[in-house]
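Written below as structure tokens is the structure these notes are about.
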Amino acid sequence: MVRETRKAITDALLDLALENPSRSDFSMAEIAARAGISRQAIYQKHFRNSNEIVKYLREMTNDEVYAVFQKYDCVSSQNPFYYFADNILPLFYENQKLLRCFFTTSIDPAWRNYIMEIYLKWGADNYRTKHSEFHLSSAAVTRMIIESTISIVEAWICQEDPVPTEIFRTDFLRLVNTPLIDLLVVKG
């Protein structure tokens, strides 16, 4: 019962944010009305305010994803993009409503910085880069790889009806293997 109520609360906030993408704060009365429960029930057993709900959603999602990231064995020489496609993309697809909300609304203005901090640390621990070939630091190339990967995921998951992971996996791997210049068609 508690889990179902908590899901109703979080879904209500996500729905409100998606309907009002420029708003960053919602009252507990709005959330309770949307969830079909009393404000007091939210306060007593679940959350004190909408920021607490956002923090819960952020941590719940990233804890799950980061746990899968932690299983990656950089010594195995498995390509991290294949690992990501096989293990992380399905999690993102399961949480597409939440991710679309975080990427396209003002509900969590610190979202991008939060995920960048987490994944940059993971990337620094697990990637070796060819940074010297481009006169960039290893940290700069790692940042570029992480930001590019996040941009690909964002472009996919923020569509109205993203294709399932089984289909997008191939597209994702093609995108990370395609130079940016090859993504353009020059008008002529």
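None of the figures in this text is laboratory data; all of them are computed from the coordinates on show. These numbers were taken from a predicted model, which means no experiment stands behind them. Note that we place each Cβ from the backbone using ideal geometry, even for glycine, and neighbour counts take in every protein chain shown.
For region 51-107, the normalised intensity computed at q = 0.19 Å⁻¹ comes to -0.73 (log10 of I(q)/I(0), Debye sum over alpha carbons, equal scatterers, no solvent).
Taking label points 7 Å from Cα along the Cα-to-Cβ direction, A155 and R48 give a separation of 4.2 nm. In nanometres, what is the gap between the two model label sites at D171 and E64, each 7 Å from Cα along Cα-to-Cβ? Label at D171, label at E64, 2.1 nm between them. As a rough footprinting exposure proxy, the listed residues V185, V54, V68 were ranked by other beta carbons within 10 Å of their own, and the order from fewest upward is V185, V68, V54.
Taking the number of other C-beta atoms within 10 Å as the exposure measure, put T170, T61 in order starting with the fewest. Walk me through the numbers on the way to the answer.
Values: T170 11, T61 18.
Final ranking by Cβ density, sparse to dense: T170, T61.
Could you sort out which of K71/K97; K45/K97; K71/K121; K71/K130; K55/K121; K7/K55 sit more than 22 Å apart by Cα distance in this structure? Beyond 22 Å: K71/K97; K45/K97; K71/K130. FRET efficiency for K7 and Y114, Cβ-Cβ distance as r, R0 = 30 Å, nearest 0.05? According to the calculation, E is roughly 0.85.
Full extension from D182 to E147: what is 0.36 nm times the residue separation minus their Cα-Cα distance, to one decimal in nm?
Details: separation 35, 0.36 × 35 = 12.60 nm, distance 1.89 nm.
Computed gain between D182 and E147 is 10.7 nm.
Over region 2-183, what is the relative contact order in whole percent, taking alpha-carbon pairs under 8 Å and six or more residues apart? Relative contact order, region 2-183: 23 percent.
If R0 equals 41 Å, the separation of the Cβ atoms of H131 and S27 corresponds to a calculated FRET efficiency of about 0.30.
Quick one: order H46, H135 by neighbouring beta-carbon count within 10 Å, fewest to most. Walk me through the numbers before you get to the answer.
Numbers: H46 20, H135 7.
Arranged by neighbour count, lowest to highest, H46, H135 become H135, H46.
Here region 99-122 is scanned for amide nitrogen atoms under 20 Å from the site 7 Å beyond the Cα of E19 along Cα-to-Cβ, giving 99-108.
Between A124 and S138, the modelled labels are 1.1 nm apart [label points 7 Å from Cα along Cα→Cβ].
Pairwise Cα distances in region 2-183 exceed 26 Å in 38 percent of cases. Rounded, prolate or oblate: pick one for region 87-188, where a ≥ b ≥ c are the square roots of the eigenvalues of its C-alpha gyration tensor, a/c under 1.5 means rounded, and failing that, prolate if a/b is larger than b/c, else oblate. The shape class here is oblate. Dividing the helix sum by the residues of the chain, where each DSSP H run of 4 or more adds -39500 (n - 2.57), gives a mean residue ellipticity at 222 nm of -20000 deg cm²/dmol.
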